[in-house]
Every structure is written in structure tokens, then in C-alpha cells.
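J.: Below are the C-alpha cells for one structure; questions will follow.
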Amino acid sequence: MTQSLDHRSYDDLFIAGRWQRPASDRRLAVISPHTEEPIGEVPEAVPEDVDKAVAAARQAFDHGPWPRLSPAERMAKVEQLAAVYARHVEEMADLITDEMGSPRRFSRQGQANGAAAMMHLGLAVGREFPWLERRQGVLGEVQLRRAPVGVVGAIVPWNVPQFVIMPKLIPALIAGCTIVVKPAPETPLDALWLAEMLEEIELPEGVVSILPGGRDVGEHLVRHPGVDKIAFTGSSAAAGGSRRSAVSNSNG
């Protein structure tokens, strides 16, 4: 991976938990709403990158260790991520302000600190969640075990990017899912910096991919037969306009 010291320029995509060359030479310029000048540049994912990320996520879910760890083991990794994130909240807030224009006070409290709070909320819920229950059935006692759904596609909007990515990413990881995240083309920098943090905690290969891109990438992810569940925030157009029974939509 090649990047600048202030997380504003990337040459590679975060696919399957490592930095890999994109399938095309398309680039996304990030434009400051304050100055209307470019502040950074990242690769733009294309459907071929989605195919690669989903294949890795499918392999990791079907055959890898992540879904087979205990919830406590998975939460220990998320706790590591929360600790890494906490060290960079101020810088993340500044980056989000530069990307999408929110006032710095809101970027600190409602964006970066809000995202950190969502991580801890996910952990708190995970600790109390009834992963294994015993119930009385008609023929005697039965055991109910909650299992991860599979490969998740997450589509994130530009307006509160980190605050919205966390309620998708963190529960999926705690549950044992693998996930492909598509940040909005207007705000890819914060998502790729999050990828750097994920790299630090050394998740198994294939568990997380982050692919900045436009509608074609969102539509390909939503329609992909290797994806079991889609979570997106925004209009139907943001998710490519496709309808699937596994789609959840939150319009903020």
C-alpha cells in the first residue's frame, strides 16, 4: 500500500484484509466542500474488485476460522479495534470535516466520538446477547444456538460515514460474519483509514474488505449471489435499486 502520512492518498484497495492492486486505473478525487479543491485521491473499485472481495469473504466464512471462534474471541478483536480507534478520534474528526464539511465540533461529538461509542455499544450488546439458550419444547428441552448469517454487504452514505459504518461492521464481526463495505465515493478517506486500523488487529484473511465506489459497485454488491445479507443506509438508488429479501434500509 502507498499512502500519505495524513491518510489522504491511497494507491491500493483493502481486499480480504490486505492492500491489493485495484482491477482498473479509475480514481476518485475527494473534494473539500469548504474550498471546492481536491484534498485526496483513492482507487475507485469496479465490479471485478467486488467479485474478488466477495469470493474471499465467502471462503473465509465457509472455511475460515472467524465464524468458528467463540463470540468472546471475536469481541476481543473488536475491543482491540476500539482501542486503536480511540487513539485517533481527533484526527478522524478532522478528516471527516475536510471530506464532507460538517462543523468540527459535530465531527468530534457526532461523527468520530459517536462512531467510537457505537463500537462500545455493539460490544455491550454482544456481551449480554443470548448466543446459546435452552428452552422447553414439546418433546423436552431444546437448545437454541444463534449462528452468523454469512457474507454481509454494507453500503454507507457520505453524511455521517463513520457513525453509520459502525452499526453495520461491528455487529457483523461480533456475530461471526464476513463483510464487504462500500463507502460513498464522496467520503472514501475515513473508510480506508479505518481499514488501516483493521489491518493492525490482524483479522483472518477475507473477513473485511473496503471498496470505495459508485452506484455500479453498490448494485453489483447488492445483486451478488455470494452475498447473504445487505445493510445500507440511504435511498434505494444508493444500493443500486435492486430489491432483495435480505436488504435492510435506514433512511436518515
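Quick note: the coordinates plus some simple rules give every number you see, no bench work behind them. Keep in mind that what you see is a predicted model, and the values were worked out from it rather than measured. Cβ placement follows ideal geometry from the backbone for every residue including glycine, while neighbour counts extend to all protein chains displayed.
J.: Quick check: the angle from helix 71-86's long axis to the longest principal axis of the chain, C-alpha only, nearest 10 degrees?
T.: Compared with the principal axis, the helix lies near 20 degrees.
J.: Oh, and also: In nm, what is the difference between 0.36 nm times the number of residues separating Glu90 and Val142 and their Cα-Cα distance? Numbers along the way, then the final one.
T.: Values: separation 52, 0.36 × 52 = 18.72 nm, distance 4.89 nm.
Between Glu90 and Val142, full extension yields 13.8 nm more.
J.: Could you give log10 I(q)/I(0) at q = 0.17, 0.27 Å⁻¹ for region 74-146, computed by the Debye formula over C-alpha point scatterers of equal weight, without solvent?
T.: Summing over Cα pairs of region 74-146 leads to -0.70, -1.10.
J.: Springs between alpha-carbon pairs under 10 angstrom, Gaussian network model over the chain: which of Ala23, Ala72, Ala172 fluctuates most?
T.: Of Ala23, Ala72, Ala172, the most mobile in the Gaussian network model is Ala72.
J.: Quick check on region 31-80: take the gyration tensor over C-alpha atoms, sort the square-rooted eigenvalues as a ≥ b ≥ c, and tell me if it's rounded (a/c under 1.5), prolate or oblate. The partial results should precede the final answer.
T.: Values: a/c = 6.08, a/b = 1.76, b/c = 3.46.
The shape class here is oblate.
J.: So if R0 is 22 Å, what FRET efficiency would Asp216 and Val125 give, r being the distance between their Cβ atoms, rounded to the nearest 0.05? Show your work: numbers first, answer last.
T.: Values: r = 34 Å, r/R0 = 1.56.
Once rounded, the FRET efficiency stands at 0.05.
J.: If you don't mind, another one. Go ahead and collect, in residue order, the members of region 138-173 whose backbone nitrogen is under 17 Å from a label point 7 Å along the Cα-Cβ direction of Leu132.
T.: Residues 141-148 qualify, since their backbone N sits under 17 Å from the label point.
J.: Can you compute the modelled spin-label distance between His63 and Gln109, with each label point 7 Å from Cα toward Cβ, in nm?
T.: Here the modelled spin labels are 5.1 nm apart.
J.: Helix 47-63 against the longest principal axis of the chain: what's the angle in degrees, Cα atoms only, rounded to the nearest 10?
T.: Helix 47-63 sits at roughly 30 degrees to that axis.
J.: Give the Rg (one decimal place) followed by the Dmax (whole number) of the chain, computed from C-alpha coordinates and expressed in Å.
T.: 18.0, 69
J.: Same structure again: Mind ranking 37-50, 131-144 by how tightly packed they are, going by the mean number of other C-beta atoms within 10 angstrom, highest first?
T.: 37-50, 131-144
J.: In percent, what relative contact order does region 13-250 have, based on Cα pairs under 8 Å that are 6 or more apart in sequence? Can you show the working numbers first?
T.: On the way: 462 pairs, mean separation 65.3, N = 238.
In percent, rounded to a whole number, it is 27.
J.: Which FRET efficiency value, to the nearest 0.05, do you get for His34 and Ser9 by plugging their Cβ-Cβ distance into 1/(1 + (r/R0)^6) with R0 = 22 Å? Write out the running numbers ahead of the final one.
T.: Details: r = 19 Å, r/R0 = 0.85.
It comes out at approximately 0.70.
J.: Just Ile31, Ile210, Ile96 to compare: in a GNM of the chain, with alpha carbon springs under 10 Å, which one fluctuates most?
T.: Comparing Ile31, Ile210, Ile96 in the GNM, the peak value goes to Ile31.
J.: Provide the gained length on full extension for the span Ala72 to Asp51, in nm with one decimal, where the gain is 0.36 nm per separating residue minus the Cα-Cα distance. Intermediate results must be reported in sequence, preceding the final value.
T.: Numbers: separation 21, 0.36 × 21 = 7.56 nm, distance 3.06 nm.
My answer for the length gained is 4.5 nm.
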